[in-house]
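The values are calculated or read from the model by the stated rules, or taken from the named source; none is laboratory data. A quick note: this is a predicted structure, and the numbers were derived from the prediction, not measured. Neighbour counts run over all protein chains shown; Cβ positions are idealised from the backbone, glycine included. Surface accessibility is based on the protein's heavy atoms, side chains included, excluding ligands, DNA and RNA. Shrake-Rupley method; radii C 1.70, N 1.55, O 1.52, S 1.80 Å.
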Amino acid sequence: TGKPARLLKTKWTDAWAQPDAPEPLPMPLQNLLVAEAHNRIHQANDPAVVSMPVGQVVGRMNAVRPVSDVMATLVTETEETLARLRNL
């Protein structure tokens, strides 16, 4: 689509955000340009650098929560929703 990709903030995104960094190419050309670098970064297995694509939902991510909390909330909200639907 030519739109920029949304990525979680890492050392990689910080480097591209520097004032002296070149303008990224439109998608998917940028990925083609940096594919070799991405491969080396992934092999290093350093989450502080690995670029992590995300969707629009990233704007709503404002806290790190344990998976157990997320799942408990999901189960509770599902049970509440099903109870409301049974009462219709």
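With an 8 Å cut-off on Cα pairs and a minimum separation of 6 or more residues, tell me the relative contact order of the chain in percent. All intermediate terms of the calculation are to be shown ahead of the outcome.
Details: 46 pairs, mean separation 31.8, N = 88.
Answer for the chain is 36 percent.
Beta carbons within 10 angstrom, averaged per residue: use that to sort the peptides 12-24, 40-52, 63-75, highest first. Kindly include the intermediate steps, with their values, before the conclusion.
Details: 12-24: 10.3, 40-52: 12.4, 63-75: 8.8.
Highest-to-lowest ranking by the protection proxy: 40-52, 12-24, 63-75.
Taking only DSSP H segments of four or more residues, each worth -39500 (n - 2.57), what value at 222 nm results for the chain once the sum is divided by all its residues, to the nearest 500 deg cm²/dmol? Could you put the intermediate results ahead of the total?
Values: 3 runs with 42 residues, N = 88.
-15500 deg cm²/dmol, from helical runs alone.
Measuring from label point to label point, each 7 Å out along Cα→Cβ, what is the V58 to K11 span in nm?
Placing both labels 7 Å along Cα→Cβ, they lie 1.9 nm apart.
Of all accessible surface on the range 1-78 at a 1.4 Å probe, what whole percent is carbon and sulfur? Provide the component values of the computation, followed by the final result.
On the way: 3870 of 6410 Å².
Carbon and sulfur: 60 percent of the exposed surface of the range 1-78.
Taking the range 3-72, how much of its Cα-Cα pair set, in percent, is spaced more than 18 angstrom apart?
Working: 1189 of 2415 pairs.
That tail contains 49 percent of the Cα-Cα pairs.
Against the longest alpha carbon principal axis of the chain, how many degrees, from 0 to 90 and to the nearest 10, is the axis of helix 67-86 turned?
That helix lies at roughly 40 degrees to the long axis.
So how tilted is helix 29-44 from the main axis of the chain? Cα-based, degrees 0 to 90, rounded to 10.
Its long axis makes an angle of about 80 degrees.
Whose amide H sits under 5 Å from the amide H of L7, counting only residues 5 or more places off or on another chain, with H placed in the peptide plane?
V54
Given a 1.4 angstrom probe, what's the average accessible area per residue across the chain, in square angstrom?
Details: 7510 Å² over 88 residues.
Spelled out: the 1.4 Å probe surface of the chain, per residue, equals 85 Å².
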